[in-house]
Number of protein chains: 2
Amino acid sequence: MSSQAPHSTLLIPGPIEFDDAVLQSMSHFAESHVSPAFVKVFGETLTMVRKLFQSTNPSAQPFVIAGSGTLGWDVVASNLIERGENALVLHSGYFADSFAACLETYGAHATQLKAPIGDRPSLEQIEQALKEKPYKLITITHVDTSTGVLSDIKRVTEVVRRVSPDTLVVVDGVCSVGCEEIAFDEWDLDVVLTASQKAIGCPPGLSILMLSGRAIDRFRSRKTPPSSYFASIANWMPVMQNYENNKPSYFATPPTQLVHALHTSLSQITARPMAERFAIHAKNSDRVKAAVAELGLRQLAPQPESQAHAMTAIYLPDGLTPADVLPGLLKRGVIFAAGLHKEIATRYIRFGHMGVSVTDPARNDIDKAIAALKEALTEAKQAKLVN
Amino acid sequence: MSSQAPHSTLLIPGPIEFDDAVLQSMSHFAESHVSPAFVKVFGETLTMVRKLFQSTNPSAQPFVIAGSGTLGWDVVASNLIERGENALVLHSGYFADSFAACLETYGAHATQLKAPIGDRPSLEQIEQALKEKPYKLITITHVDTSTGVLSDIKRVTEVVRRVSPDTLVVVDGVCSVGCEEIAFDEWDLDVVLTASQKAIGCPPGLSILMLSGRAIDRFRSRKTPPSSYFASIANWMPVMQNYENNKPSYFATPPTQLVHALHTSLSQITARPMAERFAIHAKNSDRVKAAVAELGLRQLAPQPESQAHAMTAIYLPDGLTPADVLPGLLKRGVIFAAGLHKEIATRYIRFGHMGVSVTDPARNDIDKAIAALKEALTEAKQAKLVN
């Protein structure tokens, strides 16, 4: 039984439903950010971020900073590339446009390699693009929350290492960390940035990053200082290293309660093998995708290999909009998200299936949501006289 | 009776002790950031930020963003001044150095007007500096948390308006908002930036700003785009305006639980006249300062008019360091902070007296802390054979 007040089940692609213990950690009593007790909690949290990324390489560096996931883009754009340098941005939805805008804010040239809606750039296209000019970094949206498209970051990285080995591989993992397989060291990734409120299962307000030794070296060999202050690796790295070595340190006051909540959620996640967690998400994704097909609906991402495992973006039947279907879901205690990709926002809905909603079968969230979707669709079709 | 687990009383200059209801709001169940219920809460919160600043001018604009207080400096430095332009930074402690570093990160020229430790630049010095060259903005640390020095932002602003009327007046109110008098409209301020975890009494993780119409106009007339992405007013202003008009909007996921907590704390604060709140802080400050004098101790700020009302920075007797005194306080259930100003960090301690610790007399926090300080000092002197 949950200790939370009764509420509709939140099945959007983040924020997600939270475990009771995680929410209880959010109301931790006031604590100094430099007290031994908090230093220990923050240090352990950083060490668990390494586990989350299946990383054991001591030259990799985790960061946990007060901010939205978006802040991770600023960390990349203001520390790992300099004015006038080139970035290749793989586009599989809305978020690539924003990441490109962030890179350009700090003076980089962002070249977007765009795929049609529901698809991702092919390995051949990526190889071709990498051969055209030297790129300091390439960005990949692991799962684009606007389209539910999954990118194959392992194989993209293999292409990068073969064709342009010094290009940093930057993964936007906001909607993938904690649900999609990521082997940070083994796949030779350079940056994965994420947020707390998706598959990590902690309330929003934390920007979380993992940087490789190669990325740190790139930062250290900059010709110009970092072009952001709050997002500066120079300001944060000593703080993260000190806390993980059990020493207090100060740049800006850390969000103590959110760090406690992250500690609780990462303790739960890392208590079991990550492979098991990925498998649970894949299995539930299969159930959702099968149910969507059975309802005669199409996904934005038609190819199974490019379908995310923690969310499904679903085209509505012609003639229906999210406004016709979401209220019927809400009436049944289930919250999905409307479309986000500007060109087709009124034609689809998004179903998030991650975190406790899939790892805790006693919740029965997925079955309930599938049943609610079926009923809400029937009801909406009848109301609109749509077949 | 508090529902919080037993813990030592946190009397550092932030984070501070939190009210039970505020902490309970931190564990609010999962909610979509674009749901009608959350949109209402966020919108009301923004409206209460106006009240907090005693502002009724519709052209002023509040911002609440996931981040530390430090992020407010980036908002100023990347939106309200351009590369090569001049900023005058009034120095009354550690935080002016950092604000200057932030301004220079984004390309402004920061000229610091430094006062000796424990003091603040005089109005004559400020007037003189403003006459020397044109400054796009002036920054004032309202209360410098490293020294406990209070600046007279009202009179400084009068000087600015008389001598250099177009210079934006930017107040770092991290340790002053919610405890020191601020009349945003009446005093003609342009920016006050703050954080959630000090006198506002909400856990850390929120950067809060108030901008005047003049500041917004300055932003709108930039010759170059904002030089930060996450701190860009262009990205955040439509979001804040939409939420306050009860419409969902998206740039980055807001920290929903922290916004609930801020809503609760601001509801409590704005339920009574702000003048009453300032008076309570002043009265308790007087008690603390009298007790400090009675113990034969000196403050870093010798002049009463430049002493903060929500914290006191106290020189230790010669021969004692924070490490000699803080454990004795902790043993008695009270947490003070060590020194922060690099040049004298080992010679003083900081006592924060704000928020529920002064507004809720039933807690008895201040009397307990004064008694503990007296005993801990006596004990430390005996141990070190100091008179």
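The values are calculated or read from the model by the stated rules, or taken from the named source; none is laboratory data. Quick caveat: nothing in here was measured; it's all calculated off a predicted structure. Positions of Cβ are backbone-derived with ideal geometry, glycine not excepted, and every protein chain shown enters the neighbour counts. Calculation scope for accessible area: heavy atoms of the full protein, side chains included, ligands and nucleic acids excluded. Shrake-Rupley method; radii C 1.70, N 1.55, O 1.52, S 1.80 Å.
Observations on the structure shown:
- Residues being within 24 Å of the chain's Cα centre (by Cα) and more than 21 Å from B:GLY69 (Cα to Cα) - total across the range A:242-267: 6
For every residue, the table says whether it meets (1) open to solvent by 10 Å² or more (accessible area, probe 1.4 Å); (2) in a helix (DSSP H, G or I); (3) over 30 Å from B:LEU189 (Cβ atoms); (4) not hydrophobic (A, V, I, L, M, F, W, C).
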site	(1), (2), (3), (4)
B:PHE18	no, no, no, no
B:VAL22	no, yes, no, no
B:HIS28	yes, no, yes, yes
B:VAL34	yes, no, yes, no
B:VAL39	no, yes, no, no
B:PHE42	no, yes, no, no
B:THR45	no, yes, no, yes
B:VAL49	no, yes, no, no
B:THR56	yes, no, no, yes
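- The one condition in (1) over 27 Å from B:GLU158 (Cα atoms); (2) open to solvent by 30 Å² or more (accessible area, probe 1.4 Å) that B:ASP217 fails to fulfil: (1)
- Scoring B:VAL356 on the criteria (1) farther than 28 Å from B:ALA380 by Cβ; (2) open to solvent by 30 Å² or more (accessible area, probe 1.4 Å); (3) touching a residue at least 12 places away in the same chain (Cβ under 8 Å); (4) among the aliphatic types (A, V, I, L, M) leaves a single failure, condition (2).
- Single match in A:ARG222, A:ARG287 (criterion: touching a residue at least 40 places away in the same chain (Cβ under 8 Å), within 14 Å of another protein chain (Cβ to nearest Cβ) and surrounded by fewer than 21 Cβ atoms within 10 Å (Cβ to Cβ)): A:ARG222
- A:VAL163 vs. criteria among the aliphatic types (A, V, I, L, M) and crowded, with 17+ Cβ neighbours inside 10 Å: no
- Boolean, A:VAL259 is of a type outside the set (Gly, Ala, Ser), farther than 29 Å from A:VAL358 by Cβ and open to solvent by less than 20 Å² (accessible area, probe 1.4 Å): no
- Single match in B:ARG272, B:ARG277, B:ARG298 (criterion: open to solvent by 10 Å² or more (accessible area, probe 1.4 Å), in contact (Cβ under 8 Å) with a residue 40 or more places away in the chain and charged (D, E, K, R)): B:ARG277
- Odd one out for A:SER122 among (1) hydroxyl-bearing (Ser, Thr, Tyr); (2) open to solvent by 10 Å² or more (accessible area, probe 1.4 Å); (3) in contact (Cβ under 8 Å) with a residue 12 or more places away in the chain: (3)
- Every pair of residues 6+ apart whose Cβ atoms lie under 6 Å, when the first sits in the range A:158-170 and is in contact (Cβ under 8 Å) with a residue 40 or more places away in the chain while the second is open to solvent by 10 Å² or more (accessible area, probe 1.4 Å) and in a loop (DSSP other than H, G, I, E, B): A:THR167/A:TYR135
- Test result for A:PRO204, touching a residue at least 12 places away in the same chain (Cβ under 8 Å), open to solvent by 10 Å² or more (accessible area, probe 1.4 Å), under 27 Å from B:SER227 (Cβ atoms) and at the interface with chain B (Cβ under 10 Å from one of its Cβ atoms): no
- Pairs, first on the phi > 0 side of the Ramachandran plot in the range A:303-331, second among the hydrophobic types (A, V, I, L, M, F, W, C) and open to solvent by 10 Å² or more (accessible area, probe 1.4 Å), C-beta under 8 Å, six or more apart: A:GLY319/A:VAL386
- Of all residues in the range B:1-33, exactly one satisfies the criterion of being closer than 20 Å to B:ILE335 by Cα, touching a residue at least 12 places away in the same chain (Cβ under 8 Å), facing another protein chain (nearest Cβ under 7 Å) and over 22 Å from the mean Cα position of the chain (by Cα), namely B:GLN4.
- Against the list (1) crowded, with 24+ Cβ neighbours inside 10 Å; (2) more than 25 Å from B:PHE99 (Cβ to Cβ), the condition B:SER249 fails is (1).
- Of residues in the range B:101-136 being over 21 Å from B:ALA313 (Cβ atoms) and within 19 Å of the chain's Cα centre (by Cα), the one nearest to the other protein chains (Cβ to nearest Cβ): B:CYS102
- Looking only at residues of the range A:325-355 that are β-branched (Val, Ile, Thr) and in a helix (DSSP H, G or I), we find that the one that is farthest from B:SER249 (Cα to Cα) is A:VAL325.
- Test: residue in the range B:301-324 that is part of a helix (DSSP H, G or I) and β-branched (Val, Ile, Thr): no
- From the options B:LEU211, B:LEU193, residue that is more than 13 Å from the chain's Cα centre (by Cα), more than 9 Å from every other protein chain (Cβ to nearest Cβ) and surrounded by 24 or more Cβ atoms within 10 Å (Cβ to Cβ): B:LEU211
- Scanning the range B:68-91 for residues that are out of contact with any Leu (no Cβ under 8 Å at 6 or more places or on another chain), away from chain A (no Cβ under 12 Å) and in contact (Cβ under 8 Å) with a residue 60 or more places away in the chain yields a single hit, B:GLU82.
- In the range B:225-246, of all residues being surrounded by fewer than 19 Cβ atoms within 10 Å (Cβ to Cβ), out of contact with any Gly (no Cβ under 8 Å at 6 or more places or on another chain) and under 29 Å from B:GLU186 (Cα atoms), the one that is nearest to the other protein chains (Cβ to nearest Cβ) corresponds to B:ALA234.
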